[in-house]
1. Can you check what the net charge comes to around residue 141, using other residues whose Cβ is under 13 Å from the Cβ of residue 141 (Lys, Arg +1; Asp, Glu -1)?
2. Can you tell me the length gained on complete extension of the stretch residue 52 to residue 107, counting 0.36 nm per residue apart and subtracting the Cα distance?
3. At each listed q (0.22, 0.24, 0.27, 0.29 Å⁻¹), what is the log10 of I(q)/I(0) that the Debye formula gives for the range 102-165 modelled as equal alpha-carbon point scatterers?
4. List every residue whose amide H lies under 5 Å from the amide H of residue 40, counting only residues 5 or more places away in sequence or on a different chain, with H placed 1.01 Å from N in the peptide plane.
Amino acid sequence: MSKTSSKILNSKTVVTAAELSAYIGISPRSIREHVATGVITRAGPGKYLLKKSVTGYARWLQGRASKRRDDPMEESRARLIGAKATLVERQLKHLNDRYLDRAEVDQTWIEIKQSLRDTLSTIPARVARRLPHLDSHALGVLEEEVRDALKPVDDDDAEKAAAAHA
């Protein structure tokens, strides 16, 4: 059995700060603060009257709880905290609505680029049908120009792919 639990409890039982801390569940620093306000009773340097201190602390807790129930400011504080929480939630929702999902944006750009590639790569064939007098050299130049125009888009895709695999 520990030294703390073997003490006989009476009005003169004296305990250390560590023992009192274990009994009532607060830190030694809080004990010193409560001594200063008269809640806990000191019996000497580093020693405290157990029964009187526990009773004083219990009364202090009861008074604190009662004040909170009866304090009109407590209700106001609770409403203010609730209002702040609601405001923060609304601001977060606004930010979520305002910003787009990265994956959706990336997927949309992929689709736009593919559509652009598909459309531009058909230009030489469409021009050849509309202008049958163009020779193969002119159509080759046109195909080369379209490929050059698409090169920055393809290079961007290659860079992103390399970065994703790195």
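1. Working: positive: 147; negative: 135, 143, 144, 145, 148.
Net local charge, residue 141 excluded: -4.
2. Values: separation 55, 0.36 × 55 = 19.80 nm, distance 7.13 nm.
Gain on stretching residue 52 to residue 107: 12.7 nm.
3. -0.90, -1.00, -1.13, -1.21
4. 35
No lab work stands behind these numbers, since they all come straight from the coordinates. Note that this is a predicted model, so its numbers are computed, not measured. Positions of Cβ are generated from backbone atoms using ideal geometry, with glycine treated the same way; all protein chains shown enter the neighbour counts.
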